[in-house]
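The values are calculated or read from the model by the stated rules, or taken from the named source; none is laboratory data. What you see is a predicted model, and the numbers here were worked out from it, not measured in a lab. Neighbour counts are summed over all protein chains in view; Cβ atoms, including those assigned to glycine, are modelled from backbone coordinates with ideal geometry. In case anyone asks, the SASA skips ligands and DNA or RNA and just uses the protein heavy atoms, side chains included. Shrake-Rupley method; radii C 1.70, N 1.55, O 1.52, S 1.80 Å.
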Amino acid sequence: MRTIIVYSSQTGFTKKYAEWLAEKLGAETMTIKDARKKDDNYFAAYDAIIYGGWVAVEKIHKADWFTSRIEKWHSKKLAMFCVGASPAKYSGVDNLLKKSLTDEQKKYAKVFYCEGGLDYDKMPLGSKMLMKTFAAMLNGKKDKTPDDIAMAEHVSKSGDYTDKKYIEPIAAYITQ
């Protein structure tokens, strides 16, 4: 099966997952920047197309590039994965996955979550300030829930929480 993984990565975590997945599937990778230079005919040669993007403010970065093409590509195996700083068990992850695709798009594609991390040294100033403000809000909150505690731990400082186990369900879905 000829497979391509298109991805958007700000600090390297999504790129890492795209490369791990490409190695496992024998797939090609391409940045979203390069994919946008290709016309839709370019992707006709692929049997499977996977998009990976990082999560910011409960949205998958540049996901519209992929989701706007699902109807055209419905005869292909389609998947999307997102990479965020939230712990995989964080309740917000399920909500993100549920709203990432419309009911119609879910007939043709599936979305997955991969726990990533934060690298404050590589983040643009605006993103860094947003995350630091969010961390301060969580840390200052009274009556923290288990979700709040886990999230505060993940976003208070740089950390890499990537794990190859998160690509397994994606690979299984694509190869089934």
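From the Cα gyration tensor of region 100-148, with a ≥ b ≥ c the square roots of its eigenvalues, which class applies: rounded if a/c is under 1.5, or else prolate if a/b is larger than b/c, or else oblate?
Values: a/c = 2.89, a/b = 1.63, b/c = 1.78.
In terms of gyration-tensor shape, oblate.
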### Query
Given Lys15/Lys77; Lys98/Lys122; Lys24/Lys165; Lys38/Lys76; Lys16/Lys144, which pairs have Cα atoms separated by over 23 Å?
Lys98/Lys122; Lys16/Lys144
### Query
Could you give the dipole magnitude of the chain about its Cα centre, charging the beta-carbon of Lys and Arg +1 and that of Asp and Glu -1, in debye to the nearest 20?
220
## Note on the structure
Expressed as a whole-number percentage, the relative contact order of the chain with C-alpha contacts under 8 angstrom and at least six residues apart is 23
### Task
Taking Cα extents along the principal axes in Å as the quantity of interest, determine which of [x] 41, 37, 32; [y] 53, 31, 26; [z] 64, 35, 29 was computed from the displayed structure.
[y]
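From Cα pairs below 8 angstrom and at least 6 apart in sequence, can you work out the relative contact order of region 49-112, rounded to a whole percent?
Details: 73 pairs, mean separation 26.5, N = 64.
Value for region 49-112: 41 percent.
Using a 1.4 Å probe over the heavy atoms of the protein chains, calculate the carbon and sulfur portion of the accessible area of the chain as a whole percent.
On the way: 4780 of 9430 Å².
Using a 1.4 Å probe with all protein chains present, the chain comes out at 51 percent carbon and sulfur.
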### Task
Can you send over the solvent-accessible area of Ile60, 1.4 Å probe, protein chains only, in Å² to the nearest 10?
20
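Ignoring everything except DSSP H segments at least 4 long, calculate the 222 nm mean residue ellipticity for the chain; use -39,500 (n - 2.57) per segment, divide by total residues, nearest 500. Please list the in-between numbers first.
Working: 7 runs with 66 residues, N = 176.
Per the formula, -11000 deg cm²/dmol.
Checking the a/c ratio against 1.5 first, then a/b against b/c, what shape does the Cα gyration tensor give for region 2-44? Please report the intermediate quantities before stating the final value.
Numbers: a/c = 4.23, a/b = 1.25, b/c = 3.38.
Note, shape of region 2-44 comes out oblate.
Based on the mean of other Cβ atoms within 10 Å per residue, sort peptides 151-161, 105-115, 76-86 so the most packed one is first. Walk me through the numbers before you get to the answer.
Working: 151-161: 16.7, 105-115: 19.3, 76-86: 23.9.
With the highest mean Cβ count within 10 Å placed first, the list reads 76-86, 105-115, 151-161.
Given a Förster distance of 25 Å, report the FRET efficiency between Lys99 and Met129 from their Cβ-Cβ distance, rounded to the nearest 0.05. Please list the in-between numbers first.
On the way: r = 25 Å, r/R0 = 1.02.
Efficiency computed from Cβ-Cβ geometry: 0.45.
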### Query
Accessible area of Thr11, 1.4 Å probe, to the nearest 10 Å²?
20
### Task
Identify, among Phe43, Ile170, Ala150, the residue whose Cα sits farthest towards the positive end of the charge dipole of the chain, taking +1 on the Cβ of Lys and Arg and -1 on the Cβ of Asp and Glu, with the dipole about the Cα centre.
Phe43
